[in-house]
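Q: I have a structure here, written as structure tokens, and I will follow up with some questions on it.
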Amino acid sequence: MQVVFGVLGPVTAWDAAGEPIALKGPRHRAVLARLVIARRRVVPVGLLVDDLWDDPPAGAVGAVRTFVAALRRALEPGRPPRTPSRLLVTEGPGYALRAEPGQVDAWRFEQAVADAADLPPDRAQSRLEEALGWWRGPAYTDFADEHWTRAERSRLAELRLHAVERRAQARLDAGLAAETVPDLDAHVGEHPWRESGWRLLALALYRTGRQADALAVLRRARGILAGQLGLDPGPELRRMEADVLAQAPALDRPAEPESAAARLWTRAAADYDRTVSAGARGRLESTVGLLRDLAMSGGGGLEAARGHRPAAVAAAEEFGDPELTARVIVAYDVPANWTRSDDPELARQVVAAAERVLPQLPPGPEHDATRARLLATIALEMRGTRSPRGPEAAAQAEAMARDLDDPALLAFALNGAFMQSCTRAGLAPRRDAIGAELVELSARHGLATFEVLGHLVRLQARSALGDFAAADGHAAAADRLAERHERPLTGVFTQWYAALRLAASGRAAVAETEAAYRAAAATLDDAGMPGLSEGLLPLALLSARLLGGRTPAGVDLSDDWGPYRPWAEPFALRDAGRNGDASAALHALPEPPADLMYEAMCCLEAAVALDIADKAILERARDRLLPAAGELAGAGSGLLTFGPVDGWLARLETALNGR
């Protein structure tokens, strides 16, 4: 039976005949909605409990399992007894809905909107008309007040408005200006902040010969934006008003289905294919350049580029040409501001290839820049490993780049130095200096992507130092640059920073801080940065409870703690009354990884040690945190905080001195 799920309105499901499936009570539908939002990923039982109840009852986990069992019976009534479900599956610590893309109306809607971009106007109009007809009301309307639907409801609502405007544009491109006016008039009435809606309405009126009405609409838009929202019209509306006044010829022509940039790309790619042979070395180097650009285009591009990179390096080594191999390795100089690798195995492969080729390069100053880039690559890829080779390579690359007076090389070398600047607590001033030089150097030489990196590095460092006025400025600067230069992943870090800012303000309730962290976590779903995302949300929620002055009980190890699980386990053991085992787990912990969460991990150790009075761990935590006195613990990540280091040091000293 092919079940279809509907969330574009009240949450529901239909069977293969199109008949509604009885989903029982609201919490059954809530479980289903939460799994749809997860988009085929596992949702831990503990997270389902937190999302379903403000104050979970004692039998909450069992109740969730009952809801899941009832949903399975409703969704797969013909499944033989004791046969595993193929739709609502149990996996690891929780459950996942393994629906196909065509089985969820929201997923089909997204695909339809994306498909319409490549269709001629008449077919695009028809496709969007059909897709908009799938909406039965606001998305997840029966769970509108739940924090876990907020980000997804907002995203889908924005996509729906975008689809309405894309349909209007398709109608205009098909020559249906008069037919488009009534719908657009209603659209701007309901959504007066949509400048693109006002522009389309003015264009439709102009194309029906109503120039005066088009100008009146644009002036009405100006009045509404200024009077109700306190905004001036953006460049799109100002340009439209100027074009209408000038009766610009471009207003009379339907938009071409393909942009000038897209046509240029297509022609250039075709010419390249005709002139460069398939096995040419030049093609291999060009491919790596494409991978570099792909990596900075967004989550899917980053994952794809990462997947292709080892093949490119291996292909280069097959030529037996060290210089070619070196150029292929260093061409992927993608800036990075998170000090934990997204793919440790790939990082090891790249480092090994770089170490192999370094001694093979011919001697002479003409290869010094390549050597420096290889060393910077090694430093960057060895982030968080605590190998002496990482800092050594970073220092060598930076010194060579300064000697060569190469701004782009120096920016990349500084990125490597930043990656090796987390070997102990208290190094935020060092990272701040690196970020400041990156911003100045990049702005002076037009290195926009490294300028974004510099602002993010300073955002992290100034947060650690408690200077949120400066950090706010760097967040705003990073967002402006990212918008101008199409660097979408920047917004992931600035939204997490906003959640950290809320937590550090001390004015928000724990629940409000947790909601902000959950909303920020939603931005990581398709970001392609597992080194950042794995375990981050449970850690952030734990930090909110600790910062709120609550003893963090009930740490659920079934949550996805990722690399932070060893530091979460002592909490769970303490909660179970197994203080001896908690102490043993603390003593077994290695020194925290050399990354931006160093101080945060020290605080986790300290929190449990304070509860169970483990003197050795108290001393260890104090000694490790002492160099960061005056800073905010964990805030150097730009993501979360465990509060002032001085407060932790005071508690540790009090416990050690028996006061």
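Q: Which residues make up the longest stretch of the chain clear of GluC sites (Glu not before Pro) that lie in a DSSP loop with no more than 13 other Cβ atoms within 10 Å, not counting the sites? Present the calculation step by step, with values, prior to reporting the outcome.
A: Numbers: sites that count: 258, 486.
Longest gap between qualifying sites, sites excluded: 1-257.
Q: Additional query: Towards the positive end of the charge dipole of the chain, with charges on Cβ (+1 Lys, Arg; -1 Asp, Glu), say which of 336, 114, 96 has the farthest Cα.
A: 96
Q: Can you give the accessible area of residue 147 in Å² (nearest 10), computed on protein heavy atoms with a 1.4 Å probe?
A: Solvent-accessible area, nearest 10 Å²: 60 Å².
Q: A further question follows. Suppose each label sits 7 Å from its Cα in the direction of the beta carbon; what would the residue 98-residue 576 distance come out to in nanometres?
A: About 3.0 nm separates the two model spin labels.
Q: Here's another thing I want to ask about it. Given points 7 Å out from each Cα along the Cα-Cβ axis, report the residue 228 to residue 83 separation in nanometres with one decimal.
A: Placing both labels 7 Å along Cα→Cβ, they lie 5.5 nm apart.
Q: Hey, what's the stretch 315-367 come to in accessible area per residue, 1.4 Å probe, Å²?
A: Details: 2330 Å² over 53 residues.
Solvent-accessible surface per residue comes out at 44 Å².
Q: Send over a whole-number figure in Å² for the accessible area per residue of the stretch 1-76, probe 1.4 Å.
A: Each residue of the stretch 1-76 exposes 43 Å² on average to a 1.4 Å probe.
Q: If you don't mind, another one. Hey, with R₀ at 30 Å, roughly what FRET efficiency would residue 509 and residue 91 work out to, going by the Cβ-Cβ distance, to 0.05?
A: Details: r = 34 Å, r/R0 = 1.12.
It comes out at approximately 0.35.
Q: For residue 318 and residue 591 in one chain, what is 0.36 nm times their gap in residues minus the Cα-Cα distance, to one decimal in nm? Please list the in-between numbers first.
A: Values: separation 273, 0.36 × 273 = 98.28 nm, distance 3.98 nm.
Extending this stretch completely gives an extra 94.3 nm.
Q: Between residue 212 and residue 117, with labels modelled 7 Å along Cα→Cβ, what's the label distance in nm to one decimal, could you check?
A: It works out to 4.1 nm between the two label points.
Q: Say R0 is 60 Å: what FRET efficiency, to the nearest 0.05, do residue 146 and residue 395 get from their beta-carbon distance?
A: Values: r = 51 Å, r/R0 = 0.85.
For R0 = 60 Å, the calculated efficiency reads 0.75.
Q: What FRET efficiency would be calculated for the residue pair residue 355, residue 287, taking the C-beta separation as r and a Förster radius of 30 Å, to the nearest 0.05?
A: Values: r = 23 Å, r/R0 = 0.76.
About 0.85, to the nearest 0.05.
Q: Do any trypsin sites (Lys or Arg not before Pro) in the stretch 74-153 lie in a loop, going by DSSP, with at most 11 other beta-carbon atoms within 10 Å of their beta carbon, and if so which?
A: Working: sites: 82, 86, 98, 108, 123, 127, 136, 150, 153; in loops: 82, 86, 98, 136.
Here the trypsin sites (Lys or Arg not before Pro) that fit, given the DSSP loop and packing criteria, are 82, 86.
Q: Quick one: with all protein chains in place, what share of the accessible area of the chain is carbon or sulfur, to the nearest percent (1.4 Å probe)?
A: Details: 15090 of 28730 Å².
C and S atoms contribute 53 percent here.
Q: Sticking with this structure for a sec: Determine how large the accessible area of residue 526 is when every protein chain is in place; take a 1.4 Å probe and give Å² rounded to the nearest 10.
A: 100
Q: For residue 633, enumerate residues with amide H under 5 Å from its amide H, sequence gap 5+ or separate chain, H modeled in the peptide plane.
A: 642, 643, 645
Q: If contacts are Cα pairs under 8 angstrom and at least 6 residues apart, what is the relative contact order of the stretch 509-659 in percent? Before the final figure, lay out the partial values.
A: On the way: 175 pairs, mean separation 27.4, N = 151.
Relative contact order comes out at 18 percent.
Q: Let me ask another. Can you tell me the length gained on complete extension of the stretch residue 297 to residue 584, counting 0.36 nm per residue apart and subtracting the Cα distance? Could the numbers behind the result be given before it?
A: Numbers: separation 287, 0.36 × 287 = 103.32 nm, distance 4.54 nm.
The residue 297-residue 584 span can extend by a further 98.8 nm.
The values are calculated or read from the model by the stated rules, or taken from the named source; none is laboratory data. Quick caveat: nothing in here was measured; it's all calculated off a predicted structure. Cβ coordinates were reconstructed from backbone atoms using ideal geometry, including for glycine residues, and neighbour counts include every protein chain displayed. With ligands, DNA and RNA removed, areas are computed over all heavy atoms of the protein, side chains included. Shrake-Rupley method; radii C 1.70, N 1.55, O 1.52, S 1.80 Å.
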